[in-house]
Amino acid sequence: MRLSLLTVSPSNATNKYPGIFGLIKFRWLKTHNPLNSKKYSGSLLFLKGVLAFLGIITAETLYPGYSTAQNMISDLRATEPPNSIIMQPSSTIFGATMAISGLLIIASAYCIQHAFGDRAVTASLGLLGTYVLGVGIFNGSYGDIHGIFALIAFVAGGVAAIASSRIERAQMNYFSVVLVSRQSSRIEQFWIVVTDFIRHFTVDATLGGIALLDLLLYFFMGEASPFATLGPGGLERWIAYPILLWVTGFGGYLMGHSRT
């Protein structure tokens with residue numbers, strides 16, 4: 001009897017135990033429905049965006065003397081060595097926020113791959129989630145290790161925002177309706193080219209571009225970067241916050257898109 005149960009085929013098992021295997025099959029198909037995958041990925045990204053914003057704000061308010069201009073975001077977890085400062089409860093709040101955010105992004109990347117099959121978005125989003133998780137684990141006291149995780153997270157986030165414009169519809173575009181005179185065929189042809197460019201130049205791509213531009217200017221120009229006038233904390237926020245805005249907005253878009 002034991003041997004027969006171990007060697008039973010899936011088809012026979014379904015016939016013998018229709019309730020159990022039918023329920024598993026139903027839930028598998030329901031979970032892997034593309035529309036459900038879009039909804040799940042959107043919900044995860046939106047939740048991540050809200051969690052990150054509220055987690056950072058909460059940690060900042062509980063950190064005595066914290067300056068958004070002079071302090072880096074990661075200082076909430078721990079400042080850089082050799083004299084690292086860990087301030088509680090801000091450190092725990094920020095670390096947990098980053099760790100959970102990373103896991104949410106990784107889960108959303110899996111759902112997006114199933115829904116759209118776009119490897120560029122999936123890969124960049126997966127990298128973003130992995131290295132955000134790393135930021136939560138390896139705090140500022142780890143020095144260069146933390147810096148590498150943060151840098152790759154910023155780059156991956158900017159790339160993911162730009163890549164996501166490939167799977168968006170017109171809802172996320174800058175302009176939706178424009179009236180054009182049809183008196184001149186040349187003007188009309190020119191406008192077709194312009195509107196086609198605008199249609200593919202989305203808000204998400206702009207946010208990703210801002211983050212990468214800030215990062216590149218600081219990398220090549222250092223303190224001469226125009227963003228450096230905001231202080232190290234302000235400069236970093238002009239990289240991190242556009243990515244957070246994109247994550248939240250893209251998540252909301254996917255939740256709405258799952259209904260169509």
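The values are calculated or read from the model by the stated rules, or taken from the named source; none is laboratory data. The structure displayed is predicted, hence computed values, not measured ones. Ideal geometry is used to build each Cβ from the backbone, glycine not excepted, and the neighbour counts take in all protein chains shown.
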**OP:** Report, by residue number, each residue of the range 37-61 that is farther than 14 Å from G95 by Cα and without any contact (Cβ under 8 Å) to a residue 40 or more places away in the chain.
**Re:** T61
Original post:
Restricting to the range 124-169, what's the tally of residues that are under 24 Å from C111 (Cβ atoms), of a type in the set (S, T, N, Q) and not in a helix (DSSP H, G or I)?
Top reply: 0
**OP:** Determine which single condition G231 fails, assuming it passes every other condition in (1) surrounded by 12 or more Cβ atoms within 10 Å (Cβ to Cβ); (2) modelled with pLDDT under 90.
**Re:** (2)
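Sort through S90, S84, S101 and tell me the only one that's at pLDDT 95 or above and over 22 Å from the mean Cα position of the chain (by Cα). Steps first, please.
Numbers: S84 fails: at pLDDT 95 or above; S101 fails: over 22 Å from the mean Cα position of the chain (by Cα).
Result: S90 is the single residue among S90, S84, S101 that is at pLDDT 95 or above and over 22 Å from the mean Cα position of the chain (by Cα).
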Subject >> Pair list, Cβ < 6 Å and 6+ apart or interchain, from the range 141-164 residues that are more than 14 Å from L216 (Cα to Cα) to residues that are at pLDDT below 95 and acidic (D, E) >> reply: A161/D204; S164/D204
